[in-house]
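The values are calculated or read from the model by the stated rules, or taken from the named source; none is laboratory data. Only a predicted model underlies this, so the values are computations on that prediction, with no experimental measurement involved. A quick note on method: Cβ atoms are made from the backbone with ideal geometry, for glycine too, and the neighbour counts reach across all protein chains shown. Just so you know, the surface numbers come from the protein's heavy atoms only, side chains and all, with ligands and any DNA or RNA stripped out. Shrake-Rupley method; radii C 1.70, N 1.55, O 1.52, S 1.80 Å.
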Amino acid sequence: MTRSELVGRLEALRAAISERKPIKEYQALARELYKQLLAPAESFIQGKELVIVPHDVLHNLPFHALIGADGRYLIEKYPIEYLSSASVMQFTRGKRRALGNKLLAFGNPASADSVKQLKFAEQETAELKTLFPATTVLQRTEATKPKVK
């Protein structure tokens, strides 16, 4: 796929999401991008998590929203972490220092509906303490709408 084809497909996918186009249109785009970008590398993906280091226009691609041949979103298969490319890291380090070390994180609010459970959200929010030591993590029954407000 050429860069211009990739940009076109990426823009179409983002438009399908942001403009809430028919789900079948979104799914077709998400499946095609998965097929082109991830399927060729599937045999090399090993382990329990996936770390993505996007380049160029791929910084705008929500990889977690891509759909594999099995019908599952990529985020359903792996917890996903994004890392900046080496050329961008020089800019992100300064921003991170400016933010300090405080963070308020909400993970996996309590719900009787098992479909609404976020499989890795509790683990991800708990791990934020390694990056931001003064993090306050609210999960399950503590992650309520009044506390968010």
Worksheet entry | Criterion (at pLDDT 70 or above, farther than 24 Å from Arg3 by Cα and of a type in the set (Phe, Trp, Tyr)) met by exactly one of Phe44, Phe106, Phe63 | Phe106
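Out of the residues in region 35-70 meeting the condition of being part of a loop (DSSP other than H, G, I, E, B) and of a type in the set (Val, Ile, Thr), tell me which one is least open to solvent (accessible area, probe 1.4 Å). Walk me through it before giving the result.
So in region 35-70, the residues part of a loop (DSSP other than H, G, I, E, B) come out as 38, 45-49, 53-55, 61-62, 66, 68-70.
If we keep only those that are of a type in the set (Val, Ile, Thr) too, we end up with 45, 53.
On the way: Ile45: 41, Val53: 86 Å².
Ranking the candidates gives Ile45 first.
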Worksheet item: How many residues are under 18 Å from the mean Cα position of the chain (by Cα) and either among the charged types (D, E, K, R) or within 15 Å of Leu37 (Cα to Cα) (or both) when one looks only at region 7-24?
Response: 4
Discussion item. Just to verify a result, which residue in region 71-88, among those that are under 19 Å from Glu127 (Cα atoms) and at pLDDT below 85, is least open to solvent (accessible area, probe 1.4 Å)?
Written reply: Ser84
Worksheet item: Among (1) outside any strand (DSSP E or B); (2) at pLDDT 80 or above, which single condition is Leu138 missing?
Response: (1)
Discussion item. Cβ contacts < 9 Å: first residue farther than 10 Å from Val57 by Cβ, restricted to region 1-22; second residue loosely packed, with under 15 Cβ neighbours inside 10 Å and of a type in the set (Asp, Glu), any location; separation 6+ or different chain. Result?
Written reply: Ala12/Glu25; Ala16/Glu25
Response to the item:
Condition set open to solvent by 70 Å² or more (accessible area, probe 1.4 Å) and among the hydrophobic types (A, V, I, L, M, F, W, C), scope region 1-28, selection modelled with the lowest pLDDT: answer is Met1
Worksheet item: Is there a residue being free of Cβ contacts under 8 Å to residues at least 40 places away in the same chain, of a type outside the set (S, T, N, Q) and more than 21 Å from Ala69 (Cβ to Cβ) anywhere in region 26-36?
Response: no
